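The values are calculated or read from the model by the stated rules, or taken from the named source; none is laboratory data. Remember, it's a predicted structure, so these values are computed and weren't measured experimentally. Using ideal geometry, Cβ is built from the backbone for each residue, glycine included, and neighbour counts are taken over all protein chains shown. When the accessible area is computed, the model is the full protein with side chains, heavy atoms only, and any ligands, DNA or RNA have been set aside. Shrake-Rupley method; radii C 1.70, N 1.55, O 1.52, S 1.80 Å.
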Amino acid sequence: PSKLSEKDRESYFHLRGIISFQKGDRAEALCRFEEAIKECPESQNIKFSLGQEYEWLGKTESAFKLFDQCSFPKLPSSYCLAMSR
């Protein structure tokens with residue numbers, strides 16, 4: 001990942017978490033999203049995904065802190081709608 005462009009690096013870390021989520025391994029997804037936010041702290045998509053994992057765990061305060069940091073013009077509405085489904 002260190003040789004990837006900034007955008008590709010963000011996608012790499014984000015998709016690693018999504019893969020775990022899709023496999024039903026929420027614990028691994030949480031770990032991967034937490035790693036991703038350390039690697040890409042400005043990523044709107046990663047913040048939103050990590051917030052969703054915190055919400056699932058019942059950590060609503062942590063979830064809303066991340067959601068509040070999301071700038072929704074930078075986070076496509078189609079992405080938000082797909083994730084909420």
Exercise. Do you know which residues across the stretch 36-67 are over 10 Å from the mean Cα position of the chain (by Cα) and in a helix (DSSP H, G or I)?
Worked result: 38, 39, 54, 55, 56, 60, 61, 62, 63, 64, 65, 67
For this session: State whether one or more residues within the stretch 22-35 are assigned to a helix (DSSP H, G or I), within 18 Å of residue 62 (Cβ to Cβ), within 10 Å of the chain's Cα centre (by Cα) and among the aliphatic types (A, V, I, L, M).
Result: yes
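Restricting the search to the stretch 59-85, which residues are at pLDDT 85 or above and of a type outside the set (S, T, N, Q)? Show your work before the answer.
So the first thing to find is which residues in the stretch 59-85 are at pLDDT 85 or above, and the list is 59-70.
Within the stretch 59-85, 59, 61, 63, 64, 65, 66, 67, 68, 70 meet the criteria.
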Problem set entry | Number of positions in the stretch 54-75 that are open to solvent by less than 60 Å² (accessible area, probe 1.4 Å) and closer than 21 Å to residue 9 by Cα | 4
